[in-house]
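K.L.:
Pasting a structure below so you can have a look.
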Amino acid sequence: MEYFPTIGLEVHAELSTRTKMFCGSLNDPEEHTPNVNICPVCLGYPGTLPIINKEAVKKVLTVGKALGGTLADFSEFDRKNYFYPDIPKGYQISQYKYPLVSGGNLAGVEITRVHLEEDTARSSHEKGDYSLVDFNRSGVALMELVTEPVIHSAEQAANFAKELQLLLRSLGASKANMEKGEMRVEANISVSKDKEIFGTKVEVKNLNSFRTVLRAIEYETARQIEVLEQGGSVVQETRGWDEGRQKTFSQRSKENAHDYRYFPDPDLPKLKISEVPEFQNITLPELPSEKRVRYDKDFGLKEEDREMYITTPAFSKLFEGAMAHLPKTAAALVSNYITSDIVGLLHTNDLGEIPESVEPKNFAKLMEMASEQKISSRAAKDILAEMFAQGGDPEKIAQEKGLLQKSDESELLTTVKKIIEENPQVVADYKAGKDAALQFLLGQGMKATRGSANPEVLKKLLAAELAK
């Protein structure tokens with residue numbers, strides 16, 4: 001019997017704001033000392049009053065515009081009531097009935113809503129029979145995006161999460177590092193024998209890597225199918241993911257909206273978006289989807305190269321900076337050197353980013369020299385390594401190291417005659433019909449000129465001399 005999985009995602013992303021959502025405490029995800037970026041507001045002291053962070057609101061509106069969603073004119077914040085040690089007030093300020101963004105689409109997946117709330121504190125359970133709570137994260141601006149239940153495979157869900165991370169980074173809305181908890185994915189999963197009917201929904205929480213998203217959904221889908229095949233019923237619940245055992249486990253029965261007793265927060269004003277100057281005329285940078293189209297149309301790049309530039313701004317900056325000085329026909333050559341040689345030098349030198357010594361203008365000049373065969377491909381690699389180490393003009397480096405390619409036939413003819421004279425047996429083999437002998441002689445010529453000879457000219461001269 002065939003079963004059809006249906007998946008909806010809820011994604012939380014910490015916004016890259018200077019301060020927290022409702023107070024002036026710093027939002028510093030790199031802070032390792034617990035409980036230093038705190039104040040009476042984010043600790044939930046009685047009598048304190050929250051203030052809305054305009055920067056956070058604008059970032060969510062920007063995300064909404066990029067998604068093609070409907071931006072609200074009226075919005076408000078609500079109290080979501082539940083007790084847990086990492087919620088100091090006994091409620092979380094969130095949005096329920098009036099989210100900032102409704103609708104939209106990303107990577108073919110329809111969006112239900114995007115809203116703002118405050119993050120919880122961070123609990124630590126590694127100290128034996130008690131827990132510790134770090135309130136540095138408490139109150140950090142948190143964006144929540146909810147998709148429609150229109151995803152039908154684990155792979156599609158993981159790809160959506162990757163595309164969302166890329167969009168958030170492109171907009172500067174969030175760093176969205178999953179390994180740091182800055183972006184967390186929750187999946188609502190059900191299976192059914194009928195495409196038109198949803199099965200019982202199970203939520204799997206706090207998936208903190210794309211691989212985990214993929215494996216957790218695959219496992220949970222298979223688990224639900226097995227339950228149904230054995231004649232049982234899937235229980236609506238919240239489950240966690242056990243990374244060690246690679247399986248989901250039951251945490252608690254699933255809450256419904258009425259369990260949280262939402263009501264408008266009386267301490268926060270209603271938001272009228274059109275009346276706030278900072279929320280007007282939101283502009284978008286070039287989006288990843290637009291960049292893919294441009295790279296394909298203008299440069300004809302391979303898909304893997306396009307994705308590398310879209311996901312790694314430093315490589316994109318070098319590529320576009322170099323192409324500003326070159327014709328579009330040079331794109332394939334430039335991209336090949338970046339994706340192979342630049343990446344290789346980064347690994348060899350154990351560097352995380354391209355050094356400033358590799359200036360786009362000089363890199364373009366190096367590519368021009370290589371395409372015009374002023375230098376050999378071997379010389380181009382050696383010059384690039386020198387630029388990587390200490391920068392410099394590639395033409396000057398080539399001159400200083402004697403790497404400029406020699407194409408003067410009269411100058412190379414002396415070398416050709418010497419190579420033929422020193423290798424009589426190879427010459428005899430060539431004249432006996434062994435074409436590989438010519439490649440050996442060509443190699444000897446390149447070696448004698450330390451790679452500076454133009455191989456095409458050298459080959460032509462060798463063939464001419466051997467034909468005599």
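The values are calculated or read from the model by the stated rules, or taken from the named source; none is laboratory data. Keep in mind it's a predicted model, so treat the numbers as computed, not measured. Virtual Cβ from ideal backbone geometry, glycine too; neighbours counted across all protein chains shown.
K.L.:
Before we move on, is LYS180 within 20 Å of the chain's Cα centre (by Cα) and modelled with pLDDT under 95?
P.N.:
For LYS180, the condition - within 20 Å of the chain's Cα centre (by Cα) and modelled with pLDDT under 95 - is met.
K.L.:
Could you list, in sequence order, all residues of region 79-136 that are in a strand (DSSP E or B), acidic (Asp, Glu) and under 21 Å from SER25 (Cβ atoms)?
P.N.:
GLU117, GLU118, ASP134
K.L.:
Residues LEU301, LEU284: which one is in contact with a helix residue (DSSP H, G or I) (Cβ under 6 Å, 6 or more places away or on another chain) and within 19 Å of ILE338 (Cβ to Cβ)?
P.N.:
The match here is LEU301.
K.L.:
THR147: at pLDDT 95 or above, closer than 21 Å to PHE77 by Cβ and polar (S, T, N, Q), yes or no?
P.N.:
Criteria not met by THR147.
K.L.:
Mind listing whichever residues of region 109-163 are of a type in the set (Gly, Ala, Ser) and either more than 16 Å from GLU10 (Cα to Cα) or surrounded by 15 or more Cβ atoms within 10 Å (Cβ to Cβ) (or both)?
P.N.:
If the condition is that a residue be of a type in the set (Gly, Ala, Ser) and either more than 16 Å from GLU10 (Cα to Cα) or surrounded by 15 or more Cβ atoms within 10 Å (Cβ to Cβ) (or both), then ALA121, SER123, SER124, GLY128, SER131, SER138, GLY139, ALA141, ALA154, ALA157, ALA158, ALA161 are the ones that fit.
K.L.:
Answer yes if at least one residue in region 394-410 is surrounded by 14 or more Cβ atoms within 10 Å (Cβ to Cβ), within 35 Å of the chain's Cα centre (by Cα) and among the basic types (Lys, Arg), and no otherwise.
P.N.:
Among the residues of region 394-410, not one is surrounded by 14 or more Cβ atoms within 10 Å (Cβ to Cβ), within 35 Å of the chain's Cα centre (by Cα) and among the basic types (Lys, Arg), which makes the answer no.
K.L.:
Taking helices (runs of 4 or more DSSP H) that do not extend beyond region 403-468, which have at least 3 residues that are β-branched (Val, Ile, Thr) and touching a Gly at 6+ places or on another chain (Cβ under 7 Å)?
P.N.:
409-422
K.L.:
Failed condition for GLN95, given (1) of a type outside the set (A, V, I, L, M, F, W, C); (2) in contact with a helix residue (DSSP H, G or I) (Cβ under 9 Å, 6 or more places away or on another chain); (3) under 22 Å from ARG184 (Cβ atoms); (4) buried (at least 20 other Cβ atoms within 10 Å of the Cβ), with all others met?
P.N.:
Going through (1) of a type outside the set (A, V, I, L, M, F, W, C); (2) in contact with a helix residue (DSSP H, G or I) (Cβ under 9 Å, 6 or more places away or on another chain); (3) under 22 Å from ARG184 (Cβ atoms); (4) buried (at least 20 other Cβ atoms within 10 Å of the Cβ) one by one, GLN95 breaks only (2).
K.L.:
Taking ASP86 and the conditions (1) surrounded by 15 or more Cβ atoms within 10 Å (Cβ to Cβ); (2) touching a strand residue (DSSP E or B) at 6+ places or on another chain (Cβ under 8 Å); (3) at pLDDT 95 or above, which numbered condition does it fall short on, given that it satisfies the others?
P.N.:
Only one criterion is unmet by ASP86, namely (3).
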